[in-house]
Amino acid sequence: MSAIGNIPTPINEPVLSYAPGTPERAGLQAAIAELGSVVTDIPVVINGVEYRPGKTNRVSSPQRHAHHLANVHQSTPELLQQAIDGAVAAQHSWERWSFADRAAVFLRAADLVAGPWRHRINAATLLGQRKTPHQAEVDAGAEVVLLATPAIMAAMGAHPSELVMRWFAPGTITTPFAFDLAALARVRGDASG
């Protein structure tokens, strides 16, 4: 494969059951109570700087429209251009990082989602997308972890069929779509993990 020795061999990320009485159910209920009890202010973030240009849109829970989850600040054309310029500059910096350093960013994200952020991300997905605990677990928590290591292995030259055989159980391949509400969990959480 590669001389990079710290890339873990993919294994199936366990999908937690959230059955009554389990620790994961208690953790998810606590995260739902925490995230659901406040209205989050979601600014426009460009290059690590928060902007609140004035116009906001209300984010409501799809299963309870009266439940006000967040206010999302809307960008301006000037901020959009600033974001584009910042992304291009970041791309040039990112390209100079070694593969191992770039891979470490994704593996760290997977570790955070598999560990301390899992209930928070699943709670945000449940609240904002009308998911059951199992659906939130599959679509947000486990999915981020399931996609990180195989993507890195593919970049290292592993054949796609090897990744599917070694990483995904039959019938469990999904596509990422739940990252918008993962941002809600990020805004309310500690980024240091």
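Using 0.36 nm times the number of residues separating Glu95 and Val15, minus their current alpha carbon distance, what extension gain do you get?
Contour length minus Cα-Cα distance gives 25.4 nm.
Arg120: accessible area at probe 1.4 Å, nearest 10 Å²?
Roughly 50 Å² of Arg120 is accessible to a 1.4 Å probe.
At what distance in angstrom do the alpha carbon centres of the range 84-111 and the range 28-62 lie from each other?
25 Å
Would you kindly find the accessible area of His65, with a 1.4 Å probe and non-protein molecules such as ligands, DNA and RNA excluded, rounding to the nearest 10 Å²?
Rounded to the nearest 10, that gives 140 Å².
Could you put Ser61, Ser75 in order of accessible surface area, largest first, with the 1.4 Å probe and the full protein assembly present?
From most accessible down to least: Ser75, Ser61.
Using a 1.4 Å probe on the protein heavy atoms only, what accessible surface does Thr56 show? Give it in Å² to the nearest 10.
About 60 Å², rounded to the nearest 10.
With every protein chain kept in the model, how would you rank Phe99, Phe106 by accessible area, 1.4 Å probe, largest at the top?
So the residues, ranked largest to smallest area, are Phe106, Phe99.
The values are calculated or read from the model by the stated rules, or taken from the named source; none is laboratory data. From a predicted model like this one, the values you see are computed outputs, not experimental measurements. Protein only, heavy atoms only, side chains kept; ligands, DNA and RNA dropped before computing areas. Shrake-Rupley method; radii C 1.70, N 1.55, O 1.52, S 1.80 Å.
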